[in-house]
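Values in this text are rule-based calculations from the coordinates and carry no lab data. The shown structure was predicted, so the numbers you read here are calculated from the model rather than taken from an experiment. Backbone-built Cβ (ideal geometry, glycine too); neighbour counts: all protein chains shown.
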Amino acid sequence: MPERLSLRTPQDTEAFGHALGEALRAGDLVLLAGPLGAGKTVLTRGIAAGLGVRGRVSSPTFVIAREHPAGPRGIPLVHVDAYRLGGDLDELDDLDLDSELVDSAVVVEWGEGSADRLTPDHLVVRLTRHPDDTRTITLEPHGTWVDRVDFPFPRPNPVP
């Protein structure tokens, strides 16, 4: 069953991402789903901080993918924004993410239905933005992530 959390501020979203980043390993695939403005890039900034990668994290919308060099943990982050690919699997294949998955943690915004075929072992993080600017995050683990979704992350506001 998916786990859901309510996050009240962008700082809560980033803190959740930080905890997720600390739990990531080389070879992990995380797919971020949600509408424009839901907080996917804010979440990715937190993931990058938790991984300890070097460099500033910004949305890769126009460049499609950015690789952030590994920090002390030795795991680089590949951040992909598949929005402009429009579900084009050939363009996604051109990014060669399956080989990146060997040594990196890979986070793909807008990757459902395309990047999820890279490995059956992935985590979907679904972000929903509400009118009061809070967010609900729903964790949908697949494959080996089913046993890993209990990593220690901030649970300020569990949603029943």
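Counting Lys and Arg as +1 and Asp and Glu as -1 over every other residue whose Cβ lies under 10 Å from the Cβ of residue 8, the net charge comes to -2.
Among 143-149, 22-28, sorting by the average number of other beta carbon atoms lying within 10 angstrom of each residue, highest first, gives 22-28, 143-149.
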